[in-house]
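Each remark here refers to the structure printed beneath this line.
The values are calculated or read from the model by the stated rules, or taken from the named source; none is laboratory data. In this text, all values refer to a predicted model and were calculated from it rather than measured experimentally. Here the Cβ positions follow ideal geometry from the backbone for every residue, glycine too, while neighbour counts run over all protein chains shown. What goes into the accessible areas is simple: the full protein's heavy atoms, side chains included, and nothing from ligands, DNA or RNA. Shrake-Rupley method; radii C 1.70, N 1.55, O 1.52, S 1.80 Å.
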Amino acid sequence: MSSPVLFIVASLIWGSTFWAITLQLGHAAPAVSVAYRFFLAAAALFAICLVRRDSLRLPWRTHRWMALQGGLTFGISYICTYESEQHIVSGLVAVMFALMVFWTPIWSRIFFGTAISRRTWACGAVATVGVALLFWHSISDAWQELKTGGDGHFLAGVVLALAATLASSAGSIVVNKVKEQSSNLPLTMAWSMLWGASMVAVWSLANGDAFVLPDSATYWAGLVYLSIFGSVIAFFAYFTLIGRLGANKAVYIGVVTPVLSVLLSVQLEDYRPGLLEFLGMVLCLASVAWAVRAPAAKSVQSANLNNAIESP
């Protein structure tokens, strides 16, 4: 598929997954649902590799990078995301993920020495203002409630969502390191998701969570959608874009996603955006168009990249 098609596919799917996660809350511990999701997604990807008659074996050096990617992207990020949606509405969590347009270039700068252009900062600033406008009224109401003696759950949700964006951004910049080890994207995704799901399962057991099998059809429908569409298809499109455009541009999917979440709320939750919200949508989309046209940032030499990550 062309890059614009991949961008649209990932954006459309992830625009709905934040709401789909709410279908699983209350039926099992959040971390248990995360483990189920990525065990199922990994199984689907391994099945694809077997149908293609790919060897499932990869060297340990590759597994180290996949374990790091899995722990960040499919472990920490999603545990925090599911937990945050127990405290704040899914739309606000989607808004927080727009901050990845800042975190990703910052992580790239810290670990890989990638230069950050002024244009990148400007695009990120416009995008963040846009998503803030989208949910300005919701954020204001929550802040007023907190000042009048609220229980603080909103603040906990914001902190968890912020942690999720930091982990997800860090995982995004590891994608290219995994690709350097193996170009078989379905296979590396499968192993990364298996690593992530296994880490989450260990965390759940240590935390005393019960691995129950809910009897809700809605829960299982949401699990299948999140596993196959939200994990296999969307992440395949996203990781492919990272390989083509770089993490700093592919991450702008996280800017479009809150806009689509708002449109979904209009249809399913009787949400009626006003002039301020529509202005936010325009700013988000304009920042995406501006960022995609921005020149790619220059990186330091490969040897220095390896030393930045692998030095003790």
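Quick notes on this one:
- Of everything listed in (1) at pLDDT 85 or above; (2) surrounded by 20 or more Cβ atoms within 10 Å (Cβ to Cβ), the single unmet condition for THR114 is (1).
- Residues in the range 61-86 that are polar (S, T, N, Q) and touching a Phe, Trp or Tyr at 6+ places or on another chain (Cβ under 9 Å): THR62, GLN69, THR73, THR81.
- The range 85-142, residues that are in contact with a helix residue (DSSP H, G or I) (Cβ under 8 Å, 6 or more places away or on another chain) and of a type in the set (Lys, Arg): ARG119
- Conditions (1) under 18 Å from the mean Cα position of the chain (by Cα); (2) open to solvent by less than 30 Å² (accessible area, probe 1.4 Å); number of the one not met by LEU72: (2)
- Test: residue in the range 62-72 that is free of Cβ contacts under 8 Å to residues at least 40 places away in the same chain and either farther than 21 Å from LEU187 by Cα or assigned to a loop (DSSP other than H, G, I, E, B) (or both): no
- In the range 202-217, the qualifying residues are those that are open to solvent by 10 Å² or more (accessible area, probe 1.4 Å) and either under 19 Å from the mean Cα position of the chain (by Cα) or polar (S, T, N, Q) (or both), and the one that is nearest to ALA43 (Cα to Cα) is SER216.
- The residues in the range 243-255 that are buried (at least 24 other Cβ atoms within 10 Å of the Cβ), touching a residue at least 60 places away in the same chain (Cβ under 8 Å) and in a helix (DSSP H, G or I) can be counted, and the count is 6.
- Meets criteria (in contact (Cβ under 8 Å) with a residue 12 or more places away in the chain, among the hydroxyl-bearing types (Ser, Thr, Tyr), surrounded by fewer than 22 Cβ atoms within 10 Å (Cβ to Cβ) and in a helix (DSSP H, G or I)) for SER172: no
- From ALA163, ALA234, ALA221, residue being in a helix (DSSP H, G or I), open to solvent by less than 20 Å² (accessible area, probe 1.4 Å) and of a type outside the set (Asp, Glu): ALA234
- Taken residue by residue, the range 73-89 has at least one member that is assigned to a helix (DSSP H, G or I), of a type in the set (D, E, K, R) and modelled with pLDDT of 75 or more.
- Filtered by the rule that a residue be under 12 Å from SER261 (Cα atoms) and hydrophobic (A, V, I, L, M, F, W, C), the range 84-96 gives VAL89, LEU92, VAL93, ALA94, VAL95.
- Residue match in the range 83-91 (condition: in contact with a Lys or Arg (Cβ under 9 Å, 6 or more places away or on another chain) and buried (at least 19 other Cβ atoms within 10 Å of the Cβ)): no
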